[in-house]
Amino acid sequence: MHWRTLALGLAIAATPAVAATPQDSSEPPSIAMEAPADPDLSDKDLELAVRAAYNGAAAFAAAHGNYFARDEVFEPLRDAVRAELLEEGYGAAIVPDGPAADLAAARVCLTAPGTELRVAINTSGDGLSLVAVTDARVFSYDYDPHKSADIIVAPAAACLKAK
């Protein structure tokens, strides 16, 4: 347990703090996503959007016992990710209302131009995948402390076509 806390603590140390919403909050803050999605984000922009999402998710986890989500409660984490995307200038990336089933599902191309920042949570709620995806490209972070203490970064590449 201590290695996970240490690894997450070290990763969070370099990230800016974000006001976190308690996981048991009955009314999460509303964050408007009025900006249209930009279909022409560069690979670098996809990477920076994922990094921004990780900053928000990591700050949220630090404030909630090193868990990204518990008991299938996703909304407060989603709101923390949205808030950080807006703060860091990537508010055009849409964050879906529900989590992706897993990393593979999150890496599937959009069916139309735009950008989504998808989040998948592991079963324990202490790991997550963050994926910026367009209709052609994808970039992702994958962190599961049960598999590795490292964040696995998948550089920008062609996204997976839906089957």
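Taken together, the values in this text are just the output of simple stated rules run on the coordinates, not laboratory data. Just so we're clear, the structure is a prediction, and the values are computed from it rather than from any experiment. With ideal geometry, Cβ positions are generated from the backbone for all residues, glycine too; neighbour counts draw on all protein chains shown.
Per-structure values
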| item | result |
| --- | --- |
| Cα-projected label distance for Lys44 with Ala136, points at 7 Å along beta-carbon direction, nm | 1.8 nm |
| Net charge, Ala57 excluded, C-beta distance under 10 Å - Lys, Arg +1, Asp, Glu -1 | 0 |
| Other-chain or far-sequence residues with amide H under 5 Å of Val95's (modelled H) | Leu117 |
| Cα gyration tensor shape for segment 48-130, rounded if a/c is under 1.5, else prolate or oblate | oblate |
| Length added when fully stretched, Asp102-Lys147, from 0.36 nm per residue minus Cα-Cα | 14.7 nm |
